[in-house]
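Visitor: Pasting a structure here, questions to come.
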Amino acid sequence: MAHARNPWPTCCDSPLHRGDLLIIKDQVNKRKIAPSPSKSLWEPHVLPGSQLKRRILRDGAKANAERDEAFRRAILSIPAGKVSTYGKVAAAAGYPLYHRAVARLLRTDPPDLLPWHRVLGAGGEIKLRHQPAKEQRQRLQLEGVKFLNKRVDMEHFEHTLRTWETFD
């Protein structure tokens with residue numbers, strides 16, 4: 001597709017930039033273009049919050065080899081006796097809004113492939129239910145992690161994930 005030559009020397013000279021032109025004629029396709037007066041043509045398209053959330057939930061529910069490998073490296077970098085959260089693992093792997101995808105990976109991977117018990121919910125809470133929750137607590141206690149009621153003492157036992165340590 002051929003592009004029309006920009007009739008204005010710089011973007012600052014453009015009537016679109018000055019905001020005084022709402023409809024222009026495209027010289028290539030001979031059609032009218034009406035840019036929104038409230039949005040700049042140079043701003044990237046941003047999805048509304050609800051659409052973004054749905055897209056992240058849908059993408060996180062599906063396996064993605066590259067993303068899952070990044071999560072595995074981040075989880076494997078958590079040393080014994082330390083813990084991290086689903087959200088911080090996702091952020092360290094480069095996917096800051098994909099905490100549910102981390103939970104999906106831990107749920108679907110073979111149990112002894114990753115140290116799954118070192119990944120907790122926000123605030124140090126064990127998110128599993130019933131027997132798996134008891135097993136996670138016991139595994140953490142065997143590694144020397146201390147609890148404050150139902151939560152891990154994150155002040156003393158949280159591992160700070162560093163991106164440069166998780167990627168070789």
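Where a number appears in this text, it was derived from the coordinates with a stated rule and is not lab data. Keep in mind that what you see is a predicted model, and the values were worked out from it rather than measured. With ideal geometry, Cβ positions are generated from the backbone for all residues, glycine too; neighbour counts draw on all protein chains shown.
Visitor: Positive end of the charge dipole of segment 64-166 (Lys, Arg +1 and Asp, Glu -1 on Cβ, about the Cα centre): tell me which of Ala133, Val102, Trp116 has its Cα farthest that way.
Guide: Ala133
Visitor: Further question: Test of understanding: ordering Leu97, Leu140 by Cβ neighbours within 10 Å, fewest first, what list do you get? All intermediate terms of the calculation are to be shown ahead of the outcome.
Guide: Working: Leu97 16, Leu140 22.
The order, fewest Cβ neighbours first, is Leu97, Leu140.
Visitor: So which of Lys82/Lys127; Lys62/Lys150; Lys88/Lys134; Lys88/Lys146 end up more than 26 Å apart, counting from Cα to Cα?
Guide: Over 26 Å Cα-Cα: Lys62/Lys150.
Visitor: Placing +1 on the Cβ of each Lys and Arg and -1 on the Cβ of each Asp and Glu in segment 64-166, which of Gly144, Pro79, Thr160 has its Cα farthest towards the positive end of the resulting dipole?
Guide: Looking along the dipole axis, the top candidate is Gly144.
Visitor: So between Glu143 and Asn64, what do we pick up on full extension, going 0.36 nm a residue minus the alpha carbon distance?
Guide: 25.3 nm
Visitor: To continue, here is another question. Tell me the Rg and the Dmax, in Å, that the Cα atoms of segment 64-166 produce.
Guide: Values for segment 64-166 (Cα only, Rg and Dmax): 12.5, 37 Å.
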